[in-house]
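The values are calculated or read from the model by the stated rules, or taken from the named source; none is laboratory data. These figures come from a predicted structure and were not determined experimentally. Virtual Cβ from ideal backbone geometry, glycine too; neighbours counted across all protein chains shown.
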Amino acid sequence: MAEGLAWMAWFTKLGGRRGISYIFSVMLMTLVISSLAVGVLLWGMGVVNQSQGAYAAVFERKIERVKERLVVEDVWFELSASPQKIHIYVRNIGAIPLTVEHVYIDHTMVSLDTPLKLGIGEGGYIDLDSPIPLEEGKTYLVTVATARGKTFSGYWTA
């Protein structure tokens, strides 16, 4: 019983000091707010880090696309064959290897059965059936597209 009275006496003495409870509450709120701020800061840093990783991949693909250079050196047409054939010789003059996946003849797409892979400085032939009827003496737009989406065009006469 005496212990209980001693406890109450100590508590009432503490209650008489009004400034102490205010200081404790301010310190407690400061601690809680600081803890929440650290959590939000860490979360924000994680989000920024993930965004940078995603943007880095996008920019890397765009940089690779800019490094692609291809020249269509020659195009010749076989008008007498059935079906009509188009032969294209291309050379990679860019800074990175590339893959030719599509050819467009007057905006009509022809997908290659086996994409043509070209290393730096290499050339190769593309042989395909004409997607449109060809006429002698007529000029056609020939566009070669790479796997990264870069296109190279030129006008050639049959």
Handout entry: Yes/no for V103 being within 13 Å of K150 (Cα to Cα) and either assigned by TED's automatic domain parsing to the domain that holds L134 or not hydrophobic (A, V, I, L, M, F, W, C) (or both)
Key = yes
Handout entry: Qualifying positions in the range 112-150 - in contact (Cβ under 8 Å) with a residue 60 or more places away in the chain, surrounded by 14 or more Cβ atoms within 10 Å (Cβ to Cβ) and within 18 Å of L98 (Cα to Cα)
Key = V144, T146, R148, K150
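Restricting attention to the range 84-91, does a residue exist that is part of a loop (DSSP other than H, G, I, E, B) and either modelled with pLDDT under 85 or in contact with a Phe, Trp or Tyr (Cβ under 9 Å, 6 or more places away or on another chain) (or both)?
So the first thing to find is which residues in the range 84-91 are part of a loop (DSSP other than H, G, I, E, B), and the list is 84.
If we keep only those that are either modelled with pLDDT under 85 or in contact with a Phe, Trp or Tyr (Cβ under 9 Å, 6 or more places away or on another chain) (or both) as well, we get 84.
Yes, there is a match, as at least one residue in the range 84-91 is part of a loop (DSSP other than H, G, I, E, B) and either modelled with pLDDT under 85 or in contact with a Phe, Trp or Tyr (Cβ under 9 Å, 6 or more places away or on another chain) (or both).
Going by the conditions given, is V144 within 25 Å of the chain's Cα centre (by Cα) and either within 17 Å of V90 (Cβ to Cβ) or assigned to a strand (DSSP E or B) (or both)? First the steps, then the outcome.
Values: within 25 Å of the chain's Cα centre (by Cα): yes; either within 17 Å of V90 (Cβ to Cβ) or assigned to a strand (DSSP E or B) (or both): yes.
Taking the combined requirement at face value, the residue satisfies it.
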Fill in the blank from the handout: The condition from (1) surrounded by fewer than 14 Cβ atoms within 10 Å (Cβ to Cβ); (2) outside any loop (DSSP other than H, G, I, E, B); (3) not small (G, A, S) that E101 misses is numbered (1)
Exercise for the section: List the number of the failed condition for M45; all other conditions in (1) among the hydrophobic types (A, V, I, L, M, F, W, C); (2) more than 30 Å from P133 (Cβ to Cβ); (3) in the same structural domain as D127 (by TED's automatic domain parsing) hold. Expected result: (3)
Practice task
Go through (1) out of contact with any Leu (no Cβ under 8 Å at 6 or more places or on another chain); (2) at pLDDT 90 or above one by one and return the number of the condition L98 breaks.
Solution key: (1)
Exercise for the section: Kindly provide the set of residues from the range 126-141 that are over 19 Å from T114 (Cβ atoms) and over 32 Å from the mean Cα position of the chain (by Cα), ordered by number. Expected result: I132, P133, L134, E135, E136, G137, K138, T139, Y140
Practice task
Kindly indicate whether T114 is assigned to a strand (DSSP E or B) and out of contact with any strand residue (DSSP E or B) (no Cβ under 7 Å at 6 or more places or on another chain).
Solution key: yes
